[in-house]
1. How far is it, in nm, from the label point at residue 24 to the one at residue 59 when both lie 7 Å from their Cα along the line to the Cβ?
2. Could you check what % of the DSSP bridge pairs in the chain are antiparallel, to the nearest 5?
3. Keeping all protein chains in the complex and leaving out DNA, RNA and ligands, what accessible area do you get for residue 100 with a 1.4 Å probe, in Å² to the nearest 10?
4. Taking a probe of 1.4 angstrom, what is the accessible area of residue 106 in Å², to the nearest 10?
5. What percent of all Cα-Cα pairs in the range 1-58 falls in each 5 Å bin, counting up from 0?
6. Within 10 Å, count the other beta carbons around each residue, average over each peptide in 37-43, 55-61, 140-146, 167-173, and list them highest first.
7. I'd like the Kirkwood hydrodynamic radius of the range 156-196, using the inverse of the mean 1/r over distinct C-alpha pairs, in Å.
8. Quick one: accessible surface of residue 200, probe radius 1.4 Å, all protein chains present, in square angstrom to the nearest 10.
Amino acid sequence: MKIHCLQHLKNDTLGNIGTWIDKKGYKLTKTLLYEDAFFPILQEFDLLLIMGGTMSIYQEDEYPWLRPEKEFVRKTIEAGKPVLGSCFGAQMIAEVLGGKVTKNPYKEIGWHTVRSIEGKIEQSSSEARASKLPSCMFPEFTGFMWHGDTFEIPAGAVKLFESEACPNQGFIYNEKVLGLQFHPEANRQWVRNLIRDSGHDLVQGKYIQSEKEILGKESFFDSSGNLAFSLMAWFEEKCK
C-alpha cells in the first residue's frame, strides 16, 4: 500500500499512525505544506492522510497553499481514493464537500469522551447512501482533542461521533472518506511536540486540560494507539 500524507506542521511526527506504517513497511510520501505545495499525481498513492494544523481552514489569505491543497483533496475524493482527515484535515474534507467550518463555542483540548451515534444523512442526494460505522470504532472512547474550530456535516456524509463540547466529531463519506475531529495519531511524543509548540493554548477553560492532566493519562495513550492501529487496518482493507 502506498500512502501519501499532507503535513502542515514541522513537528508532526504522525504519531501512532507513523508507527503503524513503519511496522507494516508501507511506502510513505509527504507534501510538506509549510515548505512547498507540491502534490503527487493520483496514481502514485492508494491512501491520503490529511493531518492537523494550528491554522484555520478559512485563512486562505494568510496561507495561500490552502487553495491548491483543497483542490487536490477534492480531486482525490472524486477519484474514489480512501482518505483520512484528522482535526484540521477533517475540517478540510468537510469544506471541500460543501460543509461550513466555523469557530466552536468552546476550545476543546486534552482527553475527552467521544460517543458513536447512529449515522443519518444530513441532506438527501441521489448518490448518497447510509454507511455503517467502521468496525474498528467503539460505542464510546476517549479521544485526544486540540481545536477551536468545528465543521458542519456535509451533504451526503453520515455523522458518526459527538462529544459534550463539540457535536460534530466525525463523519464518513462514500464509505471510505473519514473525517475525525479528534487525533487518533496522538502518542506521548506527538503530544509533547504539540504542547511545546502550542502550549500557550493551555489556559483556563471548561474543556481545556492542563499539561499535567494531559500527560498523566497513561491508559489513554495506550487506547489511542490501539484505536489508531485498528483504524489503519480498516483503511488497509479499503485499499485492497
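1. The modelled label-to-label distance comes out at 3.1 nm.
2. On the way: 21 of 39 bridges.
Around 55 percent of the beta bridges assigned by DSSP in the chain are antiparallel ones.
3. Roll a 1.4 Å probe over it and residue 100 shows about 130 Å².
4. Per-residue accessible area (residue 106): approximately 100 Å².
5. 4, 17, 29, 25, 17, 6, 1, 0
6. Details: 37-43: 13.4, 55-61: 15.3, 140-146: 20.6, 167-173: 23.3.
Going from most to least packed, we get 167-173, 140-146, 55-61, 37-43.
7. Numbers: mean 1/r = 0.0854 Å⁻¹.
Here the Kirkwood hydrodynamic radius works out to 11.7 Å.
8. It works out to around 130 Å².
The values are calculated or read from the model by the stated rules, or taken from the named source; none is laboratory data. In this text the structure is predicted, and so the values were computed from the model without any measurement. Neighbour counts run over all protein chains shown; Cβ positions are idealised from the backbone, glycine included. To get the accessible areas, we keep the full protein, side chains included, count just its heavy atoms, and leave off ligands, DNA and RNA. Shrake-Rupley method; radii C 1.70, N 1.55, O 1.52, S 1.80 Å.
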